[in-house]
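Okay, structure first, notes after.
The values are calculated or read from the model by the stated rules, or taken from the named source; none is laboratory data. What you are looking at is a predicted structure, and each value in this text was computed from that prediction instead of being measured. Note that we place each Cβ from the backbone using ideal geometry, even for glycine, and neighbour counts take in every protein chain shown. Accessible surface is based on the protein model in full, side chains and every heavy atom, while ligands, DNA and RNA are left aside. Shrake-Rupley method; radii C 1.70, N 1.55, O 1.52, S 1.80 Å.
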Amino acid sequence: MKTRVFLAAFALLALAACASSPTVKTDHDPSVDFSKYRTYTWGMKPQAGSPLVQQRIVDGIDARLQARGWRQAPDGQVTLAAHIITSQKQTLDTFYTGTGMGGWGWRGGWGGGMAMGSAQTTVRTYDVGTLVVDMFDTATQQAIWRGTASGTVPSSPEKVNAAVEAGLDKMFAGFPPGAAPAK
């Protein structure tokens with residue numbers, strides 16, 4: 001149980017299985033003019049099993065918004081809500097030995113007799129996590145933007161930190177919508 005709680009704590013972005021990059025998607029209301037927004041406030045911070053992971057996510061989002069000219073304010077024009085969702089997945093890996101057939105080219109042709117082949121299947125269970133960041137216009141309470149980053153939960157804190165950074169970089173690469181990507 002402790003192991004699962006530990007893994008869930010790192011599900012923050014659940015990114016970067018085997019050094020792969022997270023799956024990131026963003027969506028926004030095309031009728032919204034993002035240039036009118038300059039301030040934001042946190043309505044709901046993500047609840048991670050680890051307060052360190054939670055703080056890294058919040059700090060990472062703050063840094064990316066501030067790099068785009070937004071600043072945090074008590075009554076910001078935009079309200080942020082972030083959530084972490086985790087689930088367990090399984091894969092089946094099957095390895096075959098032998099062909100079940102003789103083989104081509106051995107002893108002058110196809111066949112040569114039947115051979116016994118075998119298969120061994122291994123079940124692998126892993127955690128997948130998703131970070132969802134929603135933005136709402138504070139005055140109208142209408143959703144204006146959503147970003148999600150999803151992937152396999154890394155096994156070490158160093159990989160988790162790298163995954164958080166990679167996911168947030170991809171999530172905010174084209175933010176705000178309609179603006180040139182930040183460099």
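Under the condition of being in a loop (DSSP other than H, G, I, E, B) and surrounded by fewer than 17 Cβ atoms within 10 Å (Cβ to Cβ), which residue from the stretch 51-72 is farthest from the chain's Cα centre (by Cα)?
Applying the first criterion (in a loop (DSSP other than H, G, I, E, B)) to the stretch 51-72 yields 68-70.
Filter again for surrounded by fewer than 17 Cβ atoms within 10 Å (Cβ to Cβ), leaving 68-69.
Numbers: Arg68: 22, Gly69: 25 Å.
My answer is Gly69.
What's the total number of residues in the stretch 137-170 that are within 12 Å of His28 (Cα to Cα) and either among the hydrophobic types (A, V, I, L, M, F, W, C) or assigned to a loop (DSSP other than H, G, I, E, B) (or both)?
Counting residues in the stretch 137-170 that are within 12 Å of His28 (Cα to Cα) and either among the hydrophobic types (A, V, I, L, M, F, W, C) or assigned to a loop (DSSP other than H, G, I, E, B) (or both) gives 4.
Check Leu15 against each of (1) in contact with a helix residue (DSSP H, G or I) (Cβ under 9 Å, 6 or more places away or on another chain); (2) modelled with pLDDT under 95; (3) of a type outside the set (S, T, N, Q); (4) surrounded by fewer than 20 Cβ atoms within 10 Å (Cβ to Cβ) and name the one condition it does not meet.
Status for Leu15: all satisfied but (4).
Could you tell me which of the residues Lys89, Lys45 is over 30 Å from Val123 (Cβ atoms) and basic (Lys, Arg)?
The match here is Lys45.
Of all residues in the stretch 28-43, which are open to solvent by less than 90 Å² (accessible area, probe 1.4 Å) and either in contact with a Ser or Thr (Cβ under 6 Å, 6 or more places away or on another chain) or farther than 13 Å from Gly76 by Cβ (or both)?
Here is the first cut: in the stretch 28-43, the residues open to solvent by less than 90 Å² (accessible area, probe 1.4 Å) are 28-29, 32-35, 37, 39-43.
Result: His28, Asp29, Val32, Asp33, Phe34, Ser35, Thr41, Gly43.
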